[in-house]
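Novice: Pasting a structure below so you can have a look.
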Amino acid sequence: MATSNVEAPGTTGRLDTPMALRLAEEFLAAWNKQDVEQVVACYTEDGIYLDPNTNGPVAGHDAMRRYLTRLFEQWTMNWSLREFFLFGEEDGGGFLWHASLTPASGGKTTEIDGMDLVLVRGDKMCRNEVYFDRMALLSE
């Protein structure tokens, strides 16, 4: 489980359900294309990203590019949105997803479910924490 004491950059404005769903779909579509620049464009310049494989926060566009380049070389991924839940007082929320992950070198596809917790500034993510059970990947 990825955790950190890094504070998220501040958020502004009010995120509503239609905008949240649109942003979640755009975000997952970028990940499905596995286009590094399109994914990076989903984040603020000072954005923070964490997942169970990052060993701490990935902060900023340059670090995100390096991380995504390695990740996309190793995996073919397909993500789909299951549900989205807005936070009460913050611009962000949690979304549940399903993913199919296949090693880029070939092999068995693993189906996993997980969630992202995101904070949004404008129409970009300023913090994104991803949670899923890594054991599913190790047991395949």
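The values are calculated or read from the model by the stated rules, or taken from the named source; none is laboratory data. This one's a predicted model, so the numbers in the text were calculated from it and none came from an experiment. Positions of Cβ are generated from backbone atoms using ideal geometry, with glycine treated the same way; all protein chains shown enter the neighbour counts.
Novice: Looking at the stretch 49-85, which of its residues are small (Gly, Ala, Ser) and under 13 Å from Asn128 (Cα atoms)?
Specialist: Within the stretch 49-85, the subset small (Gly, Ala, Ser) is 56, 59-60, 63, 80.
Scanning the stretch 49-85 gives Gly56, Ala59, Gly60.
Novice: Any residue in the stretch 51-61 that is under 19 Å from Leu23 (Cα atoms), part of a loop (DSSP other than H, G, I, E, B), among the polar types (S, T, N, Q) and touching a Leu at 6+ places or on another chain (Cβ under 9 Å)?
Specialist: no
Novice: Mind listing whichever residues of the stretch 85-114 are assigned to a strand (DSSP E or B), over 23 Å from Asp46 (Cβ atoms) and among the hydrophobic types (A, V, I, L, M, F, W, C)?
Specialist: Answer for the stretch 85-114, where residues must be assigned to a strand (DSSP E or B), over 23 Å from Asp46 (Cβ atoms) and among the hydrophobic types (A, V, I, L, M, F, W, C): Phe85, Leu96, Trp97, Ala99, Leu101, Ile112.
Novice: Of the residues that make up the stretch 18-34, is at least one out of contact with any Cys (no Cβ under 8 Å at 6 or more places or on another chain), under 18 Å from Gly60 (Cβ atoms), at pLDDT 95 or above and in a helix (DSSP H, G or I)?
Specialist: no
Novice: Quick one: in the stretch 71-118, of everything that is among the aliphatic types (A, V, I, L, M) and under 22 Å from Arg14 (Cα atoms), which residue is farthest from the chain's Cα centre (by Cα)?
Specialist: Among residues in the stretch 71-118 that are among the aliphatic types (A, V, I, L, M) and under 22 Å from Arg14 (Cα atoms), the one farthest from the chain's Cα centre (by Cα) is Leu86.
Novice: Does the stretch 91-140 hold any residues that are closer than 12 Å to Trp79 by Cβ and among the β-branched types (Val, Ile, Thr), and which are they?
Specialist: Ile112, Val130
Novice: Continuing with this model, one more query. Go through (1) assigned to a loop (DSSP other than H, G, I, E, B); (2) farther than 17 Å from Cys126 by Cβ; (3) not basic (Lys, Arg) and name the single condition Glu73 misses.
Specialist: (1)
Residue-by-condition table, conditions (1) in contact (Cβ under 8 Å) with a residue 60 or more places away in the chain; (2) under 13 Å from Ala24 (Cα atoms); (3) surrounded by 13 or more Cβ atoms within 10 Å (Cβ to Cβ):
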site: Thr44; (1), (2), (3): yes, no, yes
site: Asn55; (1), (2), (3): no, no, no
site: Gly60; (1), (2), (3): no, no, yes
site: Glu73; (1), (2), (3): no, no, no
site: Asn78; (1), (2), (3): no, no, yes
site: Trp97; (1), (2), (3): yes, yes, yes
site: Glu111; (1), (2), (3): no, no, no
site: Leu119; (1), (2), (3): yes, yes, yes
site: Leu138; (1), (2), (3): no, no, no
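Novice: Right, another one. If I filter the stretch 119-137 down to residues being under 16 Å from Thr54 (Cα atoms) and of a type in the set (A, V, I, L, M, F, W, C), which single residue comes out as modelled with the lowest pLDDT? Walk me through how you get there before you give the answer.
Specialist: Within the stretch 119-137, the first condition is being under 16 Å from Thr54 (Cα atoms), and the residues that meet it are 127-135, 137.
The next check asks that each one be of a type in the set (A, V, I, L, M, F, W, C); those that pass are 130, 132, 135, 137.
On the way: Val130: 95, Phe132: 93, Met135: 81, Leu137: 73.
So the residue we want is Leu137.
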